[in-house]
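Got a structure here, written out as structure tokens. Questions coming.
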Number of protein chains: 6
Amino acid sequence: MEDAEIAIIGLPIDATGTGRRGADLAPDAIRIASDLIETYSPYLDLDLEQRKIADLGNIQLIPTNWINEIEAKIREQAQSNRKIAIFGGEHSISIPVIKVLSQKYLDLKVLVLDAHTDLRDEYNDSRYNHACVSRRIAEIVGWQNLKLAGVRSGTGEEFKSAQKFNLILNINNSGLKKYILEIKDHPLYVSVDLDVFDPGLMSGVSVPEPGGISYQQFLTLCQELRESRLIGFDLVELCPPVDSGGNSAVVAASVAREMMLLL
Amino acid sequence: MEDAEIAIIGLPIDATGTGRRGADLAPDAIRIASDLIETYSPYLDLDLEQRKIADLGNIQLIPTNWINEIEAKIREQAQSNRKIAIFGGEHSISIPVIKVLSQKYLDLKVLVLDAHTDLRDEYNDSRYNHACVSRRIAEIVGWQNLKLAGVRSGTGEEFKSAQKFNLILNINNSGLKKYILEIKDHPLYVSVDLDVFDPGLMSGVSVPEPGGISYQQFLTLCQELRESRLIGFDLVELCPPVDSGGNSAVVAASVAREMMLLL
Amino acid sequence: MEDAEIAIIGLPIDATGTGRRGADLAPDAIRIASDLIETYSPYLDLDLEQRKIADLGNIQLIPTNWINEIEAKIREQAQSNRKIAIFGGEHSISIPVIKVLSQKYLDLKVLVLDAHTDLRDEYNDSRYNHACVSRRIAEIVGWQNLKLAGVRSGTGEEFKSAQKFNLILNINNSGLKKYILEIKDHPLYVSVDLDVFDPGLMSGVSVPEPGGISYQQFLTLCQELRESRLIGFDLVELCPPVDSGGNSAVVAASVAREMMLLL
Amino acid sequence: MEDAEIAIIGLPIDATGTGRRGADLAPDAIRIASDLIETYSPYLDLDLEQRKIADLGNIQLIPTNWINEIEAKIREQAQSNRKIAIFGGEHSISIPVIKVLSQKYLDLKVLVLDAHTDLRDEYNDSRYNHACVSRRIAEIVGWQNLKLAGVRSGTGEEFKSAQKFNLILNINNSGLKKYILEIKDHPLYVSVDLDVFDPGLMSGVSVPEPGGISYQQFLTLCQELRESRLIGFDLVELCPPVDSGGNSAVVAASVAREMMLLL
Amino acid sequence: MEDAEIAIIGLPIDATGTGRRGADLAPDAIRIASDLIETYSPYLDLDLEQRKIADLGNIQLIPTNWINEIEAKIREQAQSNRKIAIFGGEHSISIPVIKVLSQKYLDLKVLVLDAHTDLRDEYNDSRYNHACVSRRIAEIVGWQNLKLAGVRSGTGEEFKSAQKFNLILNINNSGLKKYILEIKDHPLYVSVDLDVFDPGLMSGVSVPEPGGISYQQFLTLCQELRESRLIGFDLVELCPPVDSGGNSAVVAASVAREMMLLL
Amino acid sequence: MEDAEIAIIGLPIDATGTGRRGADLAPDAIRIASDLIETYSPYLDLDLEQRKIADLGNIQLIPTNWINEIEAKIREQAQSNRKIAIFGGEHSISIPVIKVLSQKYLDLKVLVLDAHTDLRDEYNDSRYNHACVSRRIAEIVGWQNLKLAGVRSGTGEEFKSAQKFNLILNINNSGLKKYILEIKDHPLYVSVDLDVFDPGLMSGVSVPEPGGISYQQFLTLCQELRESRLIGFDLVELCPPVDSGGNSAVVAASVAREMMLLL
């Protein structure tokens, strides 16, 4: 525990969601589903059993104060050299996490994989709504340090903002690959909103959107990330109540394995 | 619409829930399910078609300001002579509704049907959490004007409070019946947390608790309420995502029919 | 097969249903579920293994001609002395079945267990809609030869008709028991719309209605039927697509066992 | 409403289906699911908010007379210049719709996206069964004015007919693209049987068939249709009871958005 | 941990089941569901927080050697004075548990609550099949020390055996109550096959059987057990894959709470 | 029956599974689902109606003796010239089947399509666990006569073994195609663990693993197999309890159709 190089932290909160609720149940669903998969990745030829990993469990969060609580807990972890693997929770949890990490790693880059632009300034009267996440992150790390990939849903205005700041990288051409190479010496945080995947594969998310990335595309991205300085990641927006049969949780656990092996 | 005697108002919010989420989907689920039942009640020998009912649809609510919004909307309705039928939403919606009605009807009595005491002063840092509803209601209308029935879950401390204030009426003996007779000249609001029913019948609620009342006991209560001055009611805590098959919504629609016929 | 005393016939049709569809899948669902129960009934102290039963499978039915096809098939069976056990299908299948049997057994009595009056003359432009079943049966066997039990839903007009013809027997007092005694020398056909049961127990039916009979009440009825001249029965309106987990099919199979032992 | 350029019409009927029932529930399921997606399409760079759209709700249909009723209603709409967006219902609803439109637009072309040939002359004794749809359409508009795409299931005889009349276009090569260019000056109606999509993505259809088109292929088709004279379309065969979690309804709503933007 | 007075042990095995599988998932399902209920029982006016309870987690079991492994683990626990609460698992797990306890408590009485007689000598070639549990228990503790309650399914032969040995107590009359009084000075182990409850309430069990006991009857039994020397109990046959919505796990957790308070 | 050229045999057993159980329900699920698809394959331009096929039903299997029973039954079938189509059941059923066939066809080749290496020598104390299947097969037919395709999960050690024996063929390049050509004169048995497909398409399997083959890749393989001497195949690990909506069973039935047409 003391000498762990990776800390897993569950952030079980669904405070600002609308419609399909239950992202607060995701951290435990991912852990339980990981029993169905191996610790070894044939794609990376690496094994989680060779890593020192401490699962710190879930942080108890309450709807009225969750941002401060996450910030405090991550700040505590940031004092060590551990890399962090976050299991959300709704996407808004990325905001306080990245706030802390951006103070620790001054030249932090953030890559958000998401079906949605999430660039609204406010939604449902809240600036911390899960529809505002990428905007908040951009304000924290600077627009030039944020990139989005897998985006395919938003308002016309959001897409105009994204274009203005050159935020969106195309996952199908070499855009994303080039960018990863370019920033390989920077500390990198990857926020994976699981709705970036096609809902055919990942049906159990809060807000599904057709036309998403395939698992093969994710595996290609993993290869591209091998040389990066990945210092943390989160998996968010898995929604167990709509994950009939539980396969989305299994895929999320597989994504978590690859990402942890890249840390 | 203008001359309606009953207004149906949907309050689609699940702001403070934990665990099984989705009470915000309940108002429309109840409306859709009502297609499967008749408008006539053989128990009361009354027909909804003979009542003037306006369904005002759902009030758009946002997690950060819902209490004020509900209060404003109900205050608007309270200016007419219409009786109101509320389809929640989580139980906390009863608080602003009863606040407004208690100002209109000075000697208002409130009967809460609920599996849970809901007498905590605060839960998850919030005084408006659905675990605090009955306490907030008691503070609004006065402890002597609130009664609970169907209660079978709470902390030891909550049960002590309930006993101290003589809050809980026994639905199996004549306690509830006598009380209804006793207050029959007072305006009465009934808040129906659907988890008061046994989860065998009403499986799709946010927090199920075995040992609940049967539909027959509810029908008996309806007979007892025939002479009452019922001025409004709410149905809360139906949770469509866990209502496999949709039967709980049908039962909720049946409960709504009886209650509206009693208005 | 030749010397069977009971013929099981599946009538897989859902032609006139609205809303929750799938009663056509019920016959096979009941057969499959019967694997989970024993052939021996401790209530009747009788065993299906001591009866000669031929399962004739399902009759292929098409929505445009099903009434004639059922009639033809049942007429064929009616030439033998076999008693018949019908697994529906929607409730309308009872109409052609009873038509044939009423010609064979001139003094036939019919008992319909159903949550709904089903006394409409026409529904959705059809006189064979499942909302008209009891009316059609009454026209076939004569109003004086039909009784309903378990009824708790209908229009005000339907209930008036039912009262006029003294159709409804109360299952809670001795009304039903007395009637069964009274007609014990007549051939009797029992049509069991499974929605007569409480939806807490029997959730997977096309049109659920709270306040239904318990399994214990059904078992009491079985005791009362022991001296009757039961010559056939049907089980209708099981709706497998809304029978999450499949328990309603198991209960239906249990009901089928008791009824077959009474034949 | 008066000056709407697009009319949405729901046709909630599942009259001839067999097996997995419930296409009658689809129109409302699509509407409800559309809450989860944006009105703006980044693929077409167009926004539904800039179109004048009137949702006319659902037409009440009864199993015995639905063809005539649909025909009458569409005939009424056809008197305006509005384009129409139909939410079925089973596929047979296309027959009366196209009948009316072929009388209004004399040189109408019809493109059917469907996993199944649907070229039977009769099925279950009915010429209006959903297995006969493409044949009926061909008889209405003429075999030379009908093309099918996405087809991968049928009898050997049906495939021979399709070949004889050169009905099937290959969606993977340039066949479909060329055809759309070729007929771009003709009024065009597109009938989308949602089972044309791969069941991995669109699991909630009445009759799933593996090997279907991807969402990317649908988006490519949309680009090809931009220059067409699209005058109407329908979405049929969504089957909510087997749409666990509700994702197929969300994808159907996304398909509806793109198609409406192309009108 | 050292001074715990109650040990919870999970036995996640479904080795001999047929049909509805998944009892091996029950121990964790019960633990997770316990989050939805309070620790205080208003029925017993006792609180789990005032007891010293150690949850020892699940024992890893493999299908080929599970009987010996359970026996070894329970033997280890039996050396302390802790009482034990077992979360199964299929019913067969009771056999090795009771074997060990009967060696520790020489005059041990066993009460099995079960819908099924489970008195077969062998089933599917195995003497440890879950259909043989009560017979094996009787052989271990002696037929005179075993009683069954809630039984309503079995073969004719099994019921004859049960009668011969006077095994079955009637839960509806005073039979069970008298017996509990009579043996109140003996150490008592209660094995709760959750299918003893009515499937209306407890739908998620491996083999449902209508006509089961109500929650109220269970609560009455708990009152009767207050004076007993209860030294352990098990809860078996919860089957999470058929527990749609998860209510059966919540009821099982409620049953566990009452039983633990009685230890 | 006597002159059938293909025998379908159901092996309904889930004896060694862990986690998601229910593969024993698969044979009937596949049969029922086959009603939703045609008998004609447009890919192969062949029709099952032109083949003589005998469905021998399911073999009753018990957990303690299933290996011997399968072996005996297959041995009986092997005396005829019939080719066999096996519907499992868990994957371990392939072991006794291939044992018998390898004695009949001395130069038998085996191709296993599977997401998992299944090369463990023992798992959960059993050498017949479904995690050991490919190893057992290799021991029966010789390592040089076994190939795996679609593999993407295993321990590091298993992948080393696979490499050492050159077991894994790449389904994406020409590796598999070349091999099939190379062995086209040998009798060939194909074991299809349905988890070889991507869980997006085939969600209802015991152990899902993302990154699987598409239906298009399967169809390509079928084309390559047209010239082979296929003498039998099995479909295993379909898990109906997690097959929400039942689509995986439909896809399995489609796979079965193509494979039977190749026999």
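Quick one: would you say F:Asp195 is at pLDDT 95 or above, part of a helix (DSSP H, G or I) and under 26 Å from F:Arg120 (Cα atoms)?
yes
Residue by residue through the range E:143-172, note down the ones that are among the β-branched types (Val, Ile, Thr) and modelled with pLDDT of 95 or more.
E:Val151, E:Thr155, E:Ile168
Right, next: As an exercise: evaluate F:Asn166 against (1) assigned to a loop (DSSP other than H, G, I, E, B); (2) buried (at least 17 other Cβ atoms within 10 Å of the Cβ) and give the number of the one condition it does not meet.
Of everything listed in (1) assigned to a loop (DSSP other than H, G, I, E, B); (2) buried (at least 17 other Cβ atoms within 10 Å of the Cβ), F:Asn166 misses just condition (2).
Ok, one more. Working only within the range E:114-132, note down all residues that are over 14 Å from E:Val207 (Cβ atoms) and crowded, with 24+ Cβ neighbours inside 10 Å.
E:Leu119
Kindly indicate the residue of the range A:236-249 that is within 16 Å of the chain's Cα centre (by Cα) and not in a helix (DSSP H, G or I) and also nearest to the other protein chains (Cβ to nearest Cβ) among those meeting that condition.
A:Cys239
Name every residue in the range F:86-125 that is out of contact with any strand residue (DSSP E or B) (no Cβ under 6 Å at 6 or more places or on another chain), within 29 Å of A:Tyr40 (Cβ to Cβ) and of a type in the set (Lys, Arg), in order of residue number.
F:Arg120
Sticking with this one: Within the range C:41-49, does at least one residue satisfy the condition of being over 18 Å from C:Leu235 (Cβ atoms), within 14 Å of another protein chain (Cβ to nearest Cβ), in contact with a Phe, Trp or Tyr (Cβ under 7 Å, 6 or more places away or on another chain) and at pLDDT 95 or above?
yes
Anything in the range C:221-235 that is in contact with a Lys or Arg (Cβ under 8 Å, 6 or more places away or on another chain) and at pLDDT 95 or above? List them, or say none.
C:Glu224, C:Ser228, C:Arg229, C:Leu230, C:Ile231, C:Gly232
So, one more: Mind counting the residues in the range C:114-126 that are outside any strand (DSSP E or B), touching a residue at least 60 places away in the same chain (Cβ under 8 Å) and within 14 Å of chain D (Cβ to nearest Cβ)?
1
Can you tell me which residue within the range C:5-17, out of those that are within 28 Å of C:Ile62 (Cα to Cα) and in contact with a strand residue (DSSP E or B) (Cβ under 7 Å, 6 or more places away or on another chain), is farthest from the other protein chains (Cβ to nearest Cβ)?
C:Ala7
Could I ask something else about it? Is it true that some residue in the range D:198-217 is among the small types (Gly, Ala, Ser) and out of contact with any helix residue (DSSP H, G or I) (no Cβ under 7 Å at 6 or more places or on another chain)?
Scanning the range D:198-217 turns up at least one residue that is among the small types (Gly, Ala, Ser) and out of contact with any helix residue (DSSP H, G or I) (no Cβ under 7 Å at 6 or more places or on another chain).
Another question, if that's okay. Filter the range A:5-40 for residues that are charged (D, E, K, R) and touching a helix residue (DSSP H, G or I) at 6+ places or on another chain (Cβ under 6 Å); which is modelled with the highest pLDDT?
A:Asp14
Still on this structure, please answer the following. Within the bounds of the range E:250-261, is there any residue that is free of Cβ contacts under 8 Å to residues at least 24 places away in the same chain and in a helix (DSSP H, G or I)?
no
Away from chain C (no Cβ under 14 Å), at positive phi and polar (S, T, N, Q): which single residue out of B:Asn166, B:Asn172, B:Asn129 fits that description?
One residue alone meets the criteria, B:Asn166.
Taking the range C:136-156 on its own, how many of its residues are in a helix (DSSP H, G or I), out of contact with any helix residue (DSSP H, G or I) (no Cβ under 7 Å at 6 or more places or on another chain) and in contact (Cβ under 8 Å) with a residue 24 or more places away in the chain?
Looking only at that region, the number is 3.
Then there is this: So F:Val190 fits all but one of (1) farther than 26 Å from F:Ala33 by Cβ; (2) part of a strand (DSSP E or B); (3) of a type in the set (Val, Ile, Thr); what number is the exception?
Just one mismatch for F:Val190, condition (1).
Follow-up question, since we're still on this one. Determine, yes or no, whether F:Ser126 is under 16 Å from F:Ile93 (Cα atoms) and over 17 Å from the mean Cα position of the chain (by Cα).
yes
Would you point out the residue of the range F:18-28, among those that are out of contact with any Cys (no Cβ under 9 Å at 6 or more places or on another chain) and not charged (D, E, K, R), that is nearest to the other protein chains (Cβ to nearest Cβ)?
Only one residue tops the list, namely F:Gly19.
Looking only at the range D:210-235, filter to residues that are in contact with a Pro (Cβ under 7 Å, 6 or more places away or on another chain) and touching a residue at least 60 places away in the same chain (Cβ under 8 Å); which one of those is farthest from the other protein chains (Cβ to nearest Cβ)?
So, considering only residues that are in contact with a Pro (Cβ under 7 Å, 6 or more places away or on another chain) and touching a residue at least 60 places away in the same chain (Cβ under 8 Å), the one farthest from the other protein chains (Cβ to nearest Cβ) is D:Ile231.
Something else: Go through (1) closer than 30 Å to C:Ile213 by Cβ; (2) in contact with an Asp or Glu (Cβ under 7 Å, 6 or more places away or on another chain) and name the single condition E:Gln163 misses.
(2)
List pairs: first residue in the range B:59-80 and over 15 Å from B:Ile8 (Cα atoms), second residue surrounded by fewer than 16 Cβ atoms within 10 Å (Cβ to Cβ) and modelled with pLDDT under 90 anywhere in the structure, Cβ distance under 7 angstrom, at least six positions apart or on different chains.
Listed pairs, sorted by first residue: B:Ile62/A:Asp125; B:Thr64/A:Asp125; B:Asn65/A:Asp125.
Considering only residues that are touching a strand residue (DSSP E or B) at 6+ places or on another chain (Cβ under 7 Å) and aliphatic (A, V, I, L, M), look in the range F:252-263 and name the one that is farthest from F:Ile84 (Cα to Cα).
F:Ala252
For the subset of the range D:132-157 comprising residues that are charged (D, E, K, R) and under 28 Å from D:Cys222 (Cα atoms), which member is nearest to the other protein chains (Cβ to nearest Cβ)?
D:Arg152
Could you list all residues from the range D:181-200 that are more than 24 Å from D:Ile93 (Cα to Cα) and surrounded by 15 or more Cβ atoms within 10 Å (Cβ to Cβ)?
Selection gives D:Ile183, D:Lys184, D:Gly200.
Moving to a separate point now. Please identify the pairs in which a residue from the range C:164-187 that is of a type in the set (Asp, Glu) has its Cβ atom under 8 Å from the Cβ atom of a residue that is surrounded by 12 or more Cβ atoms within 10 Å (Cβ to Cβ), counting only partners at least 6 apart or on another chain.
Cβ pairs passing all conditions: C:Asp185/C:Arg229.
The values are calculated or read from the model by the stated rules, or taken from the named source; none is laboratory data. If you're wondering where the values come from, they're calculated on a predicted model, not measured in any experiment. Note that we place each Cβ from the backbone using ideal geometry, even for glycine, and neighbour counts take in every protein chain shown.
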